[in-house]
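Here's the structure we're looking at; comments come further down.
The values are calculated or read from the model by the stated rules, or taken from the named source; none is laboratory data. Bear in mind the structure is a predicted one, so any value in this text is a computation, not a measurement. Heads up, the Cβs are rebuilt from the backbone with ideal geometry, glycines too, and the neighbour counts pull from every protein chain shown.
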Amino acid sequence: MHINHRSRSLTLLAAVAAMWGGSSLTAATIQVPSDAKTIQGAVDAASDGDVIIVAAGTWHETINMKGKAIVLKSADGPEATVLDGRTLPGSIVYCIKGESRETGIEGFTLRGGTGDFSVHGPGRTVGGAMYISGSSPRINDCIFQNNNATMQGGAVYSVRDAHPSFSDCTFRKNTSEKGGAVFCLLSNCRFTDCTFIENLARFSGGGIFNSSHCSPTFISCRFLGNQALYNGGAIYDYESHGSLSRCTFERNSAAFKGGAVYSGYRSDPVFAECRFMTPSDEIVGPRGVRLASIIQSGACCLGGGCIVVEKESCIEAGGVFSGNGSVCEPTITLCPTYVEGDLNGDGDVDRRDMAVLMMLWK
């Protein structure tokens, strides 16, 4: 009887292990077109953990990732593998089924997309190349080029608590009314080492338009020659609070205000170690027009704590600014503990603080 119980336990453990770890044990590589004739056919056949490898060539099809934790990648990189949307009635790629960080798209050129009309109706399209809703896919080493949406997001439309991340991607010559390349609504997009080149907004946000409670992140990105026919040549923010670190702006322009960045209603992005190369690359927002090249942001020691803000705000609040580009890391930025009565900020209450007090009484 003891052996039987043990045997049953081992069988149960094996079944549980298979249930939880089965996807990693049975993960497959699906080749297109040798294993599946179409990319969508491969996605339909794939299970979580699978990798789909697409051969070089030009592919004319709509792809819905269907919420699967799979990686879709090209065999030979974006220059050789094109997803062409010129004959499609919607966006080229859809991530609208709750895709997570486990869903990856790598190494494609997405071009000629005209977008989805389900949001605003026929003729009023969004997301020329990619439609993301409530999902957080990873997009790496992709080129978004010559896509056009009549309304929002010439290349990408990201909405409804979406958190996509883009790395090493290029957005070139995409157009739309709002967000020539990317439109974000209630969405936190992350861009790392991405380039925005000559995108056009017929209204605002030549490169990207952030609307309503967005917190986008830009790290080491480049904005070159983007244009808006109203505000925000590279970036337009509306009720959004983004952060830009080590980004470069050059030859961006707006017909009205904010060649580089226009910070609209309830918006005030944070800049750290960004470079603004030409006079048209200005920032316009709650504090008026600023030459962004002189903005400094970094760690601010305030009230015994540390926050990353612009130098001007730190000093106005009575804090100690740690330097442009500094961060709030315990091993890097050591903020002194606040001591009541320490008027000169040296951490001690002594005769020097009394001297400061006497000077204040005069």
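Observations
- Residues satisfying the stated conditions in region 141-156, i.e. out of contact with any Lys or Arg (no Cβ under 8 Å at 6 or more places or on another chain) and either hydroxyl-bearing (Ser, Thr, Tyr) or assigned to a strand (DSSP E or B) (or both): Asn148, Val156
- Boolean, Gly98 is in contact with a strand residue (DSSP E or B) (Cβ under 7 Å, 6 or more places away or on another chain), assigned by TED's automatic domain parsing to the domain that holds Glu239 and in a loop (DSSP other than H, G, I, E, B): no
- A count restricted to region 167-207 and to residues that are farther than 19 Å from Arg111 by Cβ and under 10 Å from the mean Cα position of the chain (by Cα) stands at 8.
- When Tyr262, Tyr238 are checked against the criterion of being within 17 Å of the chain's Cα centre (by Cα) and over 20 Å from Asp193 (Cα atoms), Tyr238 stands alone in meeting it.
- Residue selected from region 186-208 under the condition assigned to a loop (DSSP other than H, G, I, E, B) and in contact with a Lys or Arg (Cβ under 7 Å, 6 or more places away or on another chain), by the criterion surrounded by the most Cβ atoms within 10 Å (Cβ to Cβ): Gly205
- Test: Arg202 is of a type in the set (Lys, Arg), assigned by TED's automatic domain parsing to the domain that holds Thr62 and over 16 Å from Gly233 (Cβ atoms): no
- Filtered by the rule that a residue be surrounded by fewer than 24 Cβ atoms within 10 Å (Cβ to Cβ) and not in a loop (DSSP other than H, G, I, E, B), region 101-110 gives Gly104, Glu106, Thr109.
- Selection within region 199-214 - of a type outside the set (Gly, Ala, Ser) and more than 15 Å from Gly128 (Cβ to Cβ): Phe203, Asn210, His213, Cys214
- Here the condition is being crowded, with 24+ Cβ neighbours inside 10 Å, closer than 25 Å to Ile139 by Cβ, more than 18 Å from the chain's Cα centre (by Cα) and at pLDDT 95 or above; of Asn226, Asn252, it holds for Asn252 alone.
- Residue within region 217-224 that is free of Cβ contacts under 8 Å to residues at least 40 places away in the same chain, among the polar types (S, T, N, Q) and in the same structural domain as Phe144 (by TED's automatic domain parsing) present: yes
- Top-ranked residue of region 255-276 - restricted to ones that are in contact with a Leu (Cβ under 8 Å, 6 or more places away or on another chain) and in contact (Cβ under 8 Å) with a residue 40 or more places away in the chain, ranked as surrounded by the fewest Cβ atoms within 10 Å (Cβ to Cβ): Val270
- The set of residues from region 232-249 being surrounded by fewer than 24 Cβ atoms within 10 Å (Cβ to Cβ), farther than 23 Å from Asn324 by Cα and of a type outside the set (Ser, Thr, Tyr) comprises just one member, Glu239.
- Selection count, region 37-86, where residues are touching a Lys or Arg at 6+ places or on another chain (Cβ under 8 Å), part of a helix (DSSP H, G or I) and closer than 18 Å to Met130 by Cβ: 1
- Filter result (at pLDDT below 95 and crowded, with 24+ Cβ neighbours inside 10 Å) within region 134-172: none
- Close pairs from region 157-185: first on the phi > 0 side of the Ramachandran plot and outside any strand (DSSP E or B), partner surrounded by fewer than 24 Cβ atoms within 10 Å (Cβ to Cβ) and of a type in the set (D, E, K, R), Cβ under 7 Å, at least 6 apart: Asp168/Asp141; Asp168/Asp193; Lys173/Glu198
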